[in-house]
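J.: Below you'll find the structure I mean.
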Amino acid sequence: MNQGLWDWEFAWEILPTLLEGLVVTVQATLAGIAIALVLGLVLAILRREQNRLISWPVAWVIEFVRTTPLLVQLYFLFFVLPEFGLRMGAFTTGAVGLGIHYATYTSEVYRSGIEGVAVGQWEASTALNLSPRLKWSRIVLPQAIPTVIPALGNYLIAMFKEAALLSTITVVEVLREGQIVCSRTFQCLEPYTLVGVLFLVVSIPSSILVRRLERRLVYSRS
């Protein structure tokens with residue numbers, strides 16, 4: 001074995017294992033973005049509440065989560081919450097951690113889209129005496145959400161890259177698979193290089209799709 005030299009045979013041998021880890025990474029990302037999209041919208045709506053007993057605590061939670069590291073939040077969910085009787089599996093903890101963390105970012109994206117809805121639309125819904133549910137579902141959100149889809153797509157890509165942190169709470173995703181291969185064989189060049197390549201294989205096409213979607217939305221609004 002020539003240390004430091006690329007071994008193609010070894011690389012092809014470990015690739016299926018790394019692909020299994022990539023599947024876990026993608027699954028955690030999709031679960032996290034589902035949580036982030038729903039929870040972020042709820043936080044954005046609650047933050048606009050006129051009742052300060054609701055809007056202020058929500059704003060404080062958003063800022064607290066946004067200004068603390070995701071890694072610390074994952075450690076808290078995985079190692080601290082079980083001491084209070086709340087136990088989740090590693091994968092569930094990782095998905096929930098990603099979802100909560102990015103929900104605070106998507107909430108700000110949603111809020112910008114909601115604030116971009118013309119004042120006349122709000123006034124018209126009030127004049128028509130629409131219920132809050134109809135106002136949000138029929139008037140506000142259909143106009144606000146399409147404008148923020150590109151930003152939401154960017155956070156999906158960011159979350160995919162941040163999913164590598166789940167290896168710190170024993171989730172066997174693609175980076176963790178690379179670490180296991182490295183520690184078992186003492187060949188680290190191939191697994192870590194392939195991990196980086198696999199991240200690029202997913203991230204770059206996703207970035208291109210987000211840019212095309214953004215251009216299409218801009219064109220449709222023009």
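J.: Please verify whether VAL96 is among the β-branched types (Val, Ile, Thr), under 30 Å from ALA11 (Cα atoms) and at pLDDT 90 or above, treating the condition exactly as stated.
T.: It is false that VAL96 is among the β-branched types (Val, Ile, Thr), under 30 Å from ALA11 (Cα atoms) and at pLDDT 90 or above.
J.: Would you mind telling me which numbered condition in (1) touching a helix residue (DSSP H, G or I) at 6+ places or on another chain (Cβ under 8 Å); (2) within 24 Å of ALA31 (Cα to Cα); (3) loosely packed, with under 14 Cβ neighbours inside 10 Å HIS101 fails?
T.: So HIS101 meets the others, but not (3).
J.: Kindly provide the set of residues from region 1-44 that are of a type in the set (Val, Ile, Thr), closer than 20 Å to VAL61 by Cβ and crowded, with 19+ Cβ neighbours inside 10 Å, ordered by number.
T.: Those that are of a type in the set (Val, Ile, Thr), closer than 20 Å to VAL61 by Cβ and crowded, with 19+ Cβ neighbours inside 10 Å: ILE33, ILE35.
J.: Please go through region 129-155 and give me each residue that is in a helix (DSSP H, G or I) and of a type in the set (S, T, N, Q), ordered by number.
T.: SER137, GLN143, THR147, ASN154
J.: Right, next: Within region 110-161, can you find the residues that are closer than 30 Å to LEU175 by Cα, surrounded by fewer than 17 Cβ atoms within 10 Å (Cβ to Cβ) and among the β-branched types (Val, Ile, Thr)?
T.: Answer for region 110-161, where residues must be closer than 30 Å to LEU175 by Cα, surrounded by fewer than 17 Cβ atoms within 10 Å (Cβ to Cβ) and among the β-branched types (Val, Ile, Thr): just ILE149.
J.: Pull up region 54-91, narrow it to residues that are outside any helix (DSSP H, G or I) and touching a helix residue (DSSP H, G or I) at 6+ places or on another chain (Cβ under 8 Å), then point me to the one that is surrounded by the fewest Cβ atoms within 10 Å (Cβ to Cβ).
T.: Step by step, filter region 54-91, then rank; the result is ARG87.
J.: Out of THR104, THR17, THR25, I need the residue that is in contact with a Lys or Arg (Cβ under 7 Å, 6 or more places away or on another chain) and either assigned to a helix (DSSP H, G or I) or at pLDDT below 95 (or both). Which one?
T.: One residue alone meets the criteria, THR104.
J.: While we're here: Being in contact with a helix residue (DSSP H, G or I) (Cβ under 6 Å, 6 or more places away or on another chain) and in a helix (DSSP H, G or I): is that true of ALA158 here?
T.: no
J.: Kindly establish whether PHE186 is under 28 Å from PHE79 (Cα atoms) and out of contact with any Leu (no Cβ under 6 Å at 6 or more places or on another chain).
T.: Spelling it out, it is not the case that PHE186 is under 28 Å from PHE79 (Cα atoms) and out of contact with any Leu (no Cβ under 6 Å at 6 or more places or on another chain).
The values are calculated or read from the model by the stated rules, or taken from the named source; none is laboratory data. Computed from a predicted model, the values in this text were never measured in an experiment. FYI the Cβ positions are ideal-geometry reconstructions off the backbone, even for glycines, and counts take in every protein chain you see.
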